[in-house]
Amino acid sequence: MTHYLNRIAEDLFKAKLENYWPGFELVAYALYEKKNVYLFNHPKFSNNQQSTYHILSWDVQFTGDTIILYEEYPTAIVNMESYEEYEGLYSILVHELFHGYQYIKGEKRFPDEMMGITYPLSKDNVELRNQERTNLYSALLENNIIKKKQYLNNFIALREKRTAKIKEYLTYEKLIETVEGPAWYVELKAYSEKSPDDYHSVLKKYGQQLLNKYESTSSIRRSCYSSGLFMCLLLEELSPGWMESFFCIEETLYDLVKKHSGDYIKYPIADVKISSETEKAVNFALEKRKNEFEEFYQQAGIHLYIEGEITAKTYDPMNIIPLEDRLLHKSFLEVRINNEDYHIQQPVIAYFGDGIQNINRLHLILENKPIENIDSLTIDGVGEIKGRYKKQENILHLLIN
């Protein structure tokens, strides 16, 4: 994918990101692969013209597709090896660059990520939520004004009923939509611009993520991206120019949709009847979680348990699977042990007690045997952790000091 580097720089320069969002400013960005990082537009480097890049050696800072502070400056990062087509790579970079723009605009409407990880799998909520998402999709695609209004009323009524049931978790959803929906909005615009498919086909492609009941039930956080996107697109119709003041207000996307929906008619939603599809979606979500853990346990290697007082420092909320008192961190986890920070760049299960930050046991499966010292273990890719340890076949227990 390195042959796309100059093309991306040229496209971002020519595109003038304001075509996607008014005032959209370009922060630094980096495309990376296994060994190299290609850094653009970073103020630390004197030669930072948008058509050129600076090559760095890869390190753990460049993990996932996200926004980081590289040398104290917001930098969008994207793994080039995750994308086969140019439109996918380009549009996800625009998505992450928008998060950089949110940073410099001082966006503060961020959720408490713990709410997403502890989000309850209630059948009543899943039923209402999936009905709500179907009505949101139909409200955007419907051309008949009367039917469009009815779908919009249904969407709002269903969400208000859910709010009464799970208010704090609905706040979480609304904030995720508000932060991620606009990023998906500019991503869709960028993808549509580069894709050979027509706009309606691209819109339906993104809409499938709104309508998929199984994925929206098993991936609550990610499912809010598509609902946020569709609210952005609805606001184009309801309130043209809504983006101009978006970073100057505290309201969420849902608040804006509700405010601009006109004469919203309040009416009660009948008691929830759980459909067979909702039953299947909830069971699918639970089985999916169990299977993720089972796949972890079945890996070949040396099982290492680290036990004691451990604090979670940073993690990837997009790649965490909850199950009872455990969290499977699929991408990475940074923890503090014995006043030292350790970056675990592999799947790891964290057992928690009072809050997900407070870990009492970690479970890793290692390819290579740790180096055994008198009072510590040195773990490949993690570092030396002090403590007492005992061995039993291919299982190691490390009790930290």
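Please treat every number below as a calculation from the coordinates, not as lab data. Please read these numbers as outputs of a predicted model, since none were measured by experiment. Don't worry about glycine lacking a Cβ; one is built from the backbone with ideal geometry, like all the others, and counts go over all protein chains shown.
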Here the stretch 360-401 gives, from Cα atoms, an Rg and Dmax in Å of 9.6, 25
Using θ = phi - 60° and the Karplus form 6.51 cos²θ - 1.76 cosθ + 1.60, what ³J(HN,Hα) does each residue of the stretch 281-290 get, whole Hz, x for Gly and Pro? 5, 5, 4, 4, 4, 5, 5, 4, 4, 4
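Here is the link list: 16/213; 123/149; 189/288. Which ones come out longer than 29 Å on Cα distance? Before the final figure, lay out the partial values.
Values: 16/213 37 Å; 123/149 27 Å; 189/288 32 Å.
Pairs exceeding 29 Å: 16/213; 189/288.
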Explain nothing, just compute: Karplus ³J(HN,Hα) = 6.51 cos²θ - 1.76 cosθ + 1.60, θ = phi - 60°, for every residue of the stretch 339-356 in order, whole Hz, x for Gly and Pro. 6, 10, 9, 10, 9, 9, 9, 6, x, 8, 9, 10, 8, 10, x, 8, x, 5
More than 22 Å apart: what percent of Cα pairs in the stretch 85-192 qualify? 48 percent
Please compute the net charge surrounding residue 347, taking Lys and Arg as +1 and Asp and Glu as -1 over other residues with Cβ under 13 Å from its Cβ. -3
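Report the local net charge at residue 290: Lys and Arg +1, Asp and Glu -1, summed over other residues whose C-beta lies under 13 Å from its C-beta. Numbers along the way, then the final one.
Details: positive: 288, 289, 326; negative: 287, 292, 294, 295, 324.
Neighbour charge sum, excluding residue 290 itself: -2.
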Using the Kirkwood radius over Cα pairs, work out the Stokes-Einstein diffusion coefficient for the stretch 206-247 at 10 °C and 1.306 mPa s, in µm²/s as a whole number. 141 µm²/s
Taking N as its residue count, the alpha carbon Rg of the stretch 251-393 over 2.2 N^0.38 Å: 1.48
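Net charge around residue 132, counting only other residues with Cβ within less than 11 Å of its Cβ (Lys, Arg = +1; Asp, Glu = -1)?
Numbers: positive: 129, 133, 159, 161, 162; negative: 127, 160, 173.
Once positives and negatives cancel, what remains is +2.
Quick one: putting +1 on the C-beta of Lys and Arg, -1 on the C-beta of Asp and Glu, what dipole do you get for the chain around its Cα centre, in Debye to the nearest 20? Let's see the in-between values first.
On the way: 46 positive and 60 negative charges, 197 e Å.
Roughly 940 debye, rounded to the nearest 20.
Give, to the nearest whole percent, the P(r) tail of the stretch 161-281 beyond 22 angstrom, counting all Cα pairs.
Here the tail beyond 22 Å accounts for 43 percent of pairs.
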May I ask which of 105/313; 174/273; 167/273; 34/390 have a Cα-Cα span longer than 30 Å here? 34/390
Restricting to aspartates and glutamates and to Cα separations under 16 Å from residue 280, and discarding same-chain partners fewer than 8 apart, the set is 124, 127, 215
Dividing the mean separation of Cα pairs under 8 Å (6+ apart) by the residue count of the chain yields a relative contact order in percent of 12 percent
Please report the relative contact order for the stretch 310-396, taking Cα pairs under 8 Å with a sequence separation of at least 6, and give it as a percent rounded to a whole number. 21 percent
Under 15 Å Cα to Cα from residue 148, which aspartates and glutamates show up? Leave out anything in the same chain fewer than 8 places away. 132, 236, 237, 263
Using alpha-carbon coordinates, inclination of helix 145-165 to the longest axis of the chain, degrees: 40 degrees
Reported to two decimal places, what Rg/Rh ratio describes the stretch 132-196 when computed on Cα atoms with Rh from the Kirkwood expression? 1.07
